[in-house]
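One structure, as structure tokens, below. Some questions next.
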């Protein structure tokens, strides 16, 4: 992992991607809404203001690790979105793994 590359951005609302096909996949998967607390895209982690906890940040950092293991955003996203479609958000293997690596402070 390259921790020096990770960037946390605190926002009022998690931004939806500009790319139409990615936006459609997110909406179809139903895993990104107004109450979404965090989103990781590569080394960029977006955290909705007022939701930052060690648990959330450790969860999102695990997604950074998953991106790095996959090799790129372009390689990670089809796998991740496919898991959401096949297993549902809660049971998607990448989400199960991220929850298993959460820490409490």
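Those residues that are in contact (Cβ under 8 Å) with a residue 40 or more places away in the chain and surrounded by fewer than 18 Cβ atoms within 10 Å (Cβ to Cβ), I need them from region 63-76; list them, please. Walk me through it before giving the result.
Step one: filter region 63-76 for residues in contact (Cβ under 8 Å) with a residue 40 or more places away in the chain, giving 64-65, 68.
Selection gives 65, 68.
Need pairs with beta-carbon distance below 6 Å; first residue more than 22 Å from residue 50 (Cβ to Cβ) and within region 8-32, second modelled with pLDDT of 70 or more and not in a loop (DSSP other than H, G, I, E, B); sequence gap 6+ or separate chains.
The qualifying pairs are 17/23; 25/81; 29/84.
Still on this structure, I have one more. Considering only residues that are under 17 Å from residue 3 (Cα atoms) and either part of a loop (DSSP other than H, G, I, E, B) or in contact with a strand residue (DSSP E or B) (Cβ under 7 Å, 6 or more places away or on another chain) (or both), look in region 68-95 and name the one that is modelled with the highest pLDDT.
First, the residues of region 68-95 that are under 17 Å from residue 3 (Cα atoms): 68-73.
The next check asks that each one be either part of a loop (DSSP other than H, G, I, E, B) or in contact with a strand residue (DSSP E or B) (Cβ under 7 Å, 6 or more places away or on another chain) (or both); those that pass are 71-73.
Details: 71: 95, 72: 92, 73: 89.
Out of the qualifying residues, it is 71.
To continue, here is another question. How many residues does region 42-72 hold that are within 11 Å of the chain's Cα centre (by Cα) and farther than 18 Å from residue 96 by Cα?
Selection size over region 42-72: 6.
The values are calculated or read from the model by the stated rules, or taken from the named source; none is laboratory data. Model, not experiment: these values are computed from the prediction. No Cβ is skipped: glycine too gets one built from the backbone with ideal geometry, and neighbour counts run over all protein chains shown.
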